[in-house]
Structures are given as C-alpha cells and as structure tokens.
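The values are calculated or read from the model by the stated rules, or taken from the named source; none is laboratory data. No experiment lies behind these values; they were computed from the predicted model shown. For neighbour counting, all protein chains shown are included, and Cβ atoms are generated from backbone atoms with ideal geometry for every residue, glycine included.
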Amino acid sequence: MRLDKFLKVARILKRRTVSKELAANQRVIVNGKIAKPSTDIKPGDVIEVIFGLRSLTVRVLDVRDVVRKNEASDLYEVIEEKILEEETDS
C-alpha cells in the first residue's frame with residue numbers, strides 16, 4: 001500500500017492530500033530514509049512523521065485498504081511521540 005494512503009487509512013493523518021504534502025516536503029521517514037508519497041508500506045516498517053514541532057514514530061502492524069474508525073489504531077503501534085526543540089536565534 002502507498003505511504004500516503006496508509007497514513008490516511010490508519011488515521012494518523014486526516015486527509016491523503018496532507019500526507020502527500022508532508023512526504024513531498026521530506027517530513028516523512030520510512031525505515032530511516034526520506035520517503036515519497038508512493039513508497040510501498042508493509043508490516044514491520046517504521047514510519048516517522050514530522051508535523052510542526054511534533055514527531056510521531058510508529059511501527060506498521062497490518063496493512064488493509066478499509067478499516068473502521070475504532071480499528072484504525074490496530075494497524076500500527078506507537079514507538080515514540082515527542083516534541084521537537086524549537087530553534088532559537090542566538
């Protein structure tokens with residue numbers, strides 16, 4: 001499954017266009033490499049999404065085309081969620 005679709009189906013991001021935009025702006029990393037929206041996602045992959053000053057790292061557990069809202073979190077496990085340090089001008 002494409003990265004942009006997985007992020008939407010898993011409800012990590014609300015819209016596929018948002019996930020495409022983040023990936024196009026090099027804000028999504030899959031298995032340690034900057035990913036394109038079309039990157040193929042499979043179980044076991046580690047995805048890091050950077051939005052604003054937040055970073056979310058998840059491990060893909062399952063890939064399905066359609067899931068109900070209450071089952072979406074079964075597709076991944078959160079490895080780390082952190083607030084990134086704001087850059088200060090010195």
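Below are the figures for this structure:
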item	result
Criterion violated by Thr57 - all others in (1) in a loop (DSSP other than H, G, I, E, B); (2) in contact with a strand residue (DSSP E or B) (Cβ under 7 Å, 6 or more places away or on another chain) satisfied	(1)
Tally of residues being farther than 17 Å from Met1 by Cα and of a type in the set (S, T, N, Q) across the range 34-86	3
Subset tally (residues that are of a type in the set (Gly, Ala, Ser) and at negative phi) for the range 34-69	3
Tally, over the range 1-36, of residues that are in a strand (DSSP E or B) and touching a Ser or Thr at 6+ places or on another chain (Cβ under 9 Å)	5
Filtered residues of the range 25-83 (kept if within 15 Å of Leu13 (Cβ to Cβ), without any contact (Cβ under 8 Å) to a residue 60 or more places away in the chain and of a type in the set (Gly, Ala, Ser))	Ala35, Gly52, Ser55
Residues of the range 43-53 classified as modelled with pLDDT of 95 or more, surrounded by 11 or more Cβ atoms within 10 Å (Cβ to Cβ) and either in contact with a helix residue (DSSP H, G or I) (Cβ under 6 Å, 6 or more places away or on another chain) or not in a strand (DSSP E or B) (or both), total	2
